[in-house]
Amino acid sequence: MKKCIIELELERRGITKYAFCKKYGIPYTTLENIILGKTKMEDVRAGTLLKIAGSFGYSIETLLKHPVITMDQMTGNSEKYQIPYLLEFRDGEYRVHFQYAGKEYTRDILYIRNEEPKYLEPYQVFISMDIDKIVEEADLDASIQEILSDASE
């Protein structure tokens, strides 16, 4: 079974299409056509894509690369920082994709490679913790860079 990533995110967050459209100023028929596959993601106006992506914490690139979620893909939020991610099973490997501080991250998830896609859900907690750890390391690196640049001035 396939689902549009937008529809999946709306369901996961308990938001109706109507409420979403009203909140972000997107015509209902535009959203409906994207979800139904009548309008391809790459044909959607940049401003509309930006509104949709931003509302879910995704980049436009993520929406363009992963417009449809299949049974071997899942979305979620990291536990501590609530960073949205996409977990996918492709070519016999699991990968997690997320964006933080304007940077795209893709990580192989080694410890679940031999599992079937239907067993993804129990691993989401571990993936969530991995994402939070990567974010903390990125923040630490940024802080160190800031200290070093201040010291050199």
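Residues in segment 24-73 that are of a type in the set (Ser, Thr, Tyr) and modelled with pLDDT under 85 were compared, and the one that is nearest to Glu9 (Cα to Cα) is Tyr58.
Here Glu79 meets the list (1) part of a strand (DSSP E or B); (2) free of Cβ contacts under 8 Å to residues at least 60 places away in the same chain almost entirely, failing just condition (1). So, Leu31, is that one in contact with a Lys or Arg (Cβ under 7 Å, 6 or more places away or on another chain) and not assigned by TED's automatic domain parsing to the domain that holds Met74 or not? Considered against the rule, which asks whether it is in contact with a Lys or Arg (Cβ under 7 Å, 6 or more places away or on another chain) and not assigned by TED's automatic domain parsing to the domain that holds Met74, Leu31 comes out as yes.
Could you please give the count of residues in segment 23-68 that are under 15 Å from Phe98 (Cα atoms) and hydrophobic (A, V, I, L, M, F, W, C)?
In the first step, residues of segment 23-68 are kept if they are under 15 Å from Phe98 (Cα atoms); the result is 53-67.
From what's left, hydrophobic (A, V, I, L, M, F, W, C): 53, 56, 60, 63-64.
Selection size over segment 23-68: 5.
Looking only at residues in segment 120-150 that are among the small types (Gly, Ala, Ser) and at pLDDT 70 or above, which one is farthest from Gln82 (Cα to Cα)? Looking at the filtered set, the residue picked out is Ser149. If you filter segment 81-104 down to residues that are of a type in the set (Ser, Thr, Tyr) and surrounded by fewer than 21 Cβ atoms within 10 Å (Cβ to Cβ), you find that the one that is modelled with the highest pLDDT is Tyr100.
The values are calculated or read from the model by the stated rules, or taken from the named source; none is laboratory data. These numbers were taken from a predicted model, which means no experiment stands behind them. So basically every Cβ, Gly included, is an ideal-geometry build from the backbone, and we count neighbours across all protein chains shown.
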